[in-house]
1. State which residue is surrounded by the most Cβ atoms within 10 Å (Cβ to Cβ) when the search covers only segment A:301-328 and only residues that are over 29 Å from A:Ser237 (Cβ atoms) and among the hydrophobic types (A, V, I, L, M, F, W, C).
2. Report the residue count in segment A:497-516 for those that are of a type in the set (Gly, Ala, Ser) and away from RNA strand B (no atom under 14 Å from the Cβ).
3. Given the options A:Leu494, A:Leu519, A:Leu479, name the one that is near RNA strand B (Cβ under 10 Å from one of its atoms) and part of a helix (DSSP H, G or I).
4. Counting just the residues of segment A:25-39 that are near RNA strand B (Cβ under 7 Å from one of its atoms) and part of a strand (DSSP E or B), which one comes out modelled with the highest pLDDT?
5. What is the residue count in segment A:371-421 for residues that are open to solvent by less than 10 Å² (accessible area, probe 1.4 Å) and small (Gly, Ala, Ser)?
6. Within segment A:532-569, which residues are within 10 Å of RNA strand B (Cβ to nearest atom), open to solvent by less than 60 Å² (accessible area, probe 1.4 Å) and more than 30 Å from A:Glu59 (Cβ to Cβ)?
7. For the subset of segment A:227-237 comprising residues that are open to solvent by 40 Å² or more (accessible area, probe 1.4 Å) and not polar (S, T, N, Q), which member is nearest to A:Leu148 (Cα to Cα)?
Amino acid sequence: MRWSKLFTPTLRDAPGDAVAPSHKLLVRGGFMRQLHAGHYSMLPLGWKVHQKVAQIVREEIDGIGGQEFLLPTMHPAEIWQASGRWDTMGEIMFRLEDRRGNATALGITHEEIFATVASELSSYKQLPQIWYHIQTKFRDEARPKSGLLRVREFHMKDSYSFDVDEAGLDANFDLHDAAYRRIFARLGIPSFGVQASSGAMGGNDSVEFMTPSDAGEDDVIRCPQCDYSANIEKGTSALPKMDDEPGPDAPERFDTPGVRTIKALEEFDGGAPADRQLKTLVMSLDDVITLVVVRGDHQLNTQKLADVTGAITIRPAELEETVAALGAKPGSLGAVGVTDHPIIMDEALRGRTNMTTGANTDDVHYRGVSVERDVPVGQWADLREVQAGEPCPNCGTALTIVRCIEIGHIFKLGTKYAEVFGVKVSTPDAGDVPVVMGSYGIGIGRNMAASAEANHDDKGLVWPVEIAPYEAVITLMRLDDECTAAGEKLYDDLRAAGVDVILDDRDARAGVKFADAELIGIPFRLTIGPRGLKNGSAEFHTRATGETVDVSIDTAAAAVWEAVSAAKG
RNA sequence: CGGGCUAUGGCUCAGCUUGGUAGAGCGCCGCACUGGGGGUGCGGAGGUCGUAGGUUCAAAUCCUGCUAGCCCGACCA
């Protein structure tokens, strides 16, 4: 490629509304442009990087035995209705009708579709199978943000494993785990796996891959000592045991005029510290008013509540609903003796006695509450959100909470989809059995952005060689005959050697060319100018280190080839 | 969905408070000088000021509705 012909509109200033470094740099470098919220046009450079990322993913999934497919992105409603996800996916799914009025979905993921294909599997001898495609997904995100990090239209590699039993699934799960770690390493993204909520995917086990970044959207609990790490939607901590006094034989009502908050009750004469209070949250779970109780100083994690209850639509109750349900306003609510609404209690409250909580009369509280004696708990569950500094459940070290980008997610699905879509195989001793599935996703554009987040400096992007838009640039300092001839020869030699090289033959000043090459993150640069040519040399610059060395013009191509080869492993 | 902010040329922004000829830098086109880190000078093109309505002799500016975008939160793979 000759830069004079390349469409790469680089900008000196980032768009004012971009915040994330990857967003700013991908726009400034002319990799992409926004069409509207959550939809980006990939320009030639952006698409080139995107395809290189996809190719790495393809190589690694092929490497564990994956077979590449391409399934449609428009799906009939019936197939989603069959799995139940037409309803449970809610507003995330784009829906439309064809000219006959048939309901259609734009694919958010492809478990159902791959399962229909898999229904032609018939014998255990065909298993295991790993099938995948790299296909556009559409998700009607409530809030697209941060450039490519969260969008409404994106490419995802999603693979699916099919096994005759759980042991087979475990093996395929581990193969994917290892392949994903190789992918992230090749993309230059520091990564680690965490225990995660399976959310709307169903299934019984899942691991998310995370990379620490302020531009991310997930909070991850990490132990600095052992290897414990979990999404905050899933993780827990070991709380110090509380020594409660037994308290009175029955709860005692007492007046608390004007006390409306946990903090106020702490300071109130005759009140209680927050960790000796019950916090009663009135929630609507699929329109069922439910009391959710956590310790006064704890926070509810709504994803945990969703996982535990299976509820699809969770929201705090409106004021009127709360008053209608309990007869008091927030600030004086409690679950003592409440029998006409389900009560879900956080595990941290098990066995607690002599607690303080609202009495469902404005300005009145109870003290001396024994949780298991006085509250008709319907369900116990881990609902609280871990706070930084709490002890690790494995080793007791103070936990940290790290902001992360989710760069991959792998699920053990079990037989849910196989049963719905009749994916079963004959076995020698168990007859026909449903196939055990796994599902494994990795967003191409998000990983491109995550690599940009991890690999940039104040001059611009510093792509790993494998995904850089070009591996090397030959920068002509003058467009005179001598420089041009030397540059053209190097350009031809490098292309012949298989190096992805661009010749900067623009009639522009040196500063512009250097700045552009650094902004878009080309790993290696050969500078050809009269200063070097006098001595028969070119300058060899490495983007990542900033080092510049003189090399003989005769060996310059070989030097670049060696550097590229070494970097690609 | 709740809260906040924004919308003026390709990009970044000023102008709005106090209504009166639409501006700057970068980018773009032409010419000249220049030529190893976003160079200089001269000349030029390019804007229904998001949109619809209202107030007014007069609206980028004041008022109202709408739309779009961004940020925080909720939610989400």
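1. Among residues in segment A:301-328 that are over 29 Å from A:Ser237 (Cβ atoms) and among the hydrophobic types (A, V, I, L, M, F, W, C), the one surrounded by the most Cβ atoms within 10 Å (Cβ to Cβ) is A:Leu326.
2. The total comes to 2.
3. A:Leu519
4. A:Gln34
5. 4
6. A:Gly532, A:Leu533, A:Ser537, A:Ala538, A:Glu539, A:Gly546
7. Looking at the filtered set, the residue picked out is A:Glu233.
Conditions tested, residue by residue: (1) assigned by TED's automatic domain parsing to the domain that holds A:Gln135; (2) modelled with pLDDT of 95 or more; (3) within 21 Å of the chain's Cα centre (by Cα).
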{"site": "A:Ser41", "(1), (2), (3)": "yes, no, no"}
{"site": "A:Gln55", "(1), (2), (3)": "yes, yes, yes"}
{"site": "A:Glu59", "(1), (2), (3)": "yes, yes, no"}
{"site": "A:Glu68", "(1), (2), (3)": "yes, yes, no"}
{"site": "A:Leu71", "(1), (2), (3)": "yes, yes, no"}
{"site": "A:Trp86", "(1), (2), (3)": "yes, no, no"}
{"site": "A:Met93", "(1), (2), (3)": "yes, no, yes"}
{"site": "A:Arg100", "(1), (2), (3)": "yes, no, no"}
{"site": "A:Thr104", "(1), (2), (3)": "yes, no, no"}
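The values are calculated or read from the model by the stated rules, or taken from the named source; none is laboratory data. The structure displayed is predicted, hence computed values, not measured ones. No Cβ is skipped: glycine too gets one built from the backbone with ideal geometry, and neighbour counts run over all protein chains shown. Surface areas here come from the heavy atoms of the whole protein model, side chains and all, with no ligands, DNA or RNA. Shrake-Rupley method; radii C 1.70, N 1.55, O 1.52, S 1.80 Å.
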